[in-house]
Structures are given as C-alpha cells and as structure tokens.
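The values are calculated or read from the model by the stated rules, or taken from the named source; none is laboratory data. Bear in mind that the values here come from a model prediction, so they are computed numbers and not experimental data. All Cβ positions, glycine included, derive from the backbone under ideal geometry; neighbour counts span all protein chains shown.
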Amino acid sequence: MRIRYDSEADVLMLILHDDPPVDAVEESGGVIVSYREDGEPVSVEFLNASTRQLVQPGEVSVTIQAESGAAGPRLES
C-alpha cells in the first residue's frame, strides 16, 4: 500500500494495488473508491483532505502498526 497526498488538488489517496482501475464509485462525503476488473478496490481517494483535517498543509505524517518484520507503507507527497 502506498499513501500519496496531492497538495494542489487537496486529495489524499491510498493506493492498494498497482492494477489499473476499471470502475470508480463516489461515496458520500467526497470519497472515491476505484476498482479493478475483478471487483477488488485499487485505491481510495479523499477529496478536500486538508479541509476535512485529514492532513495539515506542509506536514503529512502516517503511523501504521505492522506485524513484526512486515514492511510498512511508503509515504509520497
């Protein structure tokens, strides 16, 4: 999983798979879930992320607790 924040678009994205999406559904509250061909989610986008206080402008930090020995996600900004 990768996490990306686009400050110009103010979108926080969780990238679950590198497969290309074939469908996307916009949920209420500005959340878009994209799906691959087999119906599994590819990514989740949170629109207006800073307005919703999901990120602070200029500062993005992520803490994820993984099992021992498991690699954690990469943060891209």
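The set of residues in segment 9-45 being crowded, with 16+ Cβ neighbours inside 10 Å and farther than 26 Å from GLN56 by Cα consists of TYR35, ARG36.
It is to be established whether one or more residues within segment 68-77 are among the acidic types (Asp, Glu) and either in a loop (DSSP other than H, G, I, E, B) or modelled with pLDDT of 90 or more (or both).
Filtering segment 68-77 down to residues among the acidic types (Asp, Glu) leaves 76.
Checking the rest, the ones that are also either in a loop (DSSP other than H, G, I, E, B) or modelled with pLDDT of 90 or more (or both) come to none.
No, because not a single residue in segment 68-77 is among the acidic types (Asp, Glu) and either in a loop (DSSP other than H, G, I, E, B) or modelled with pLDDT of 90 or more (or both).
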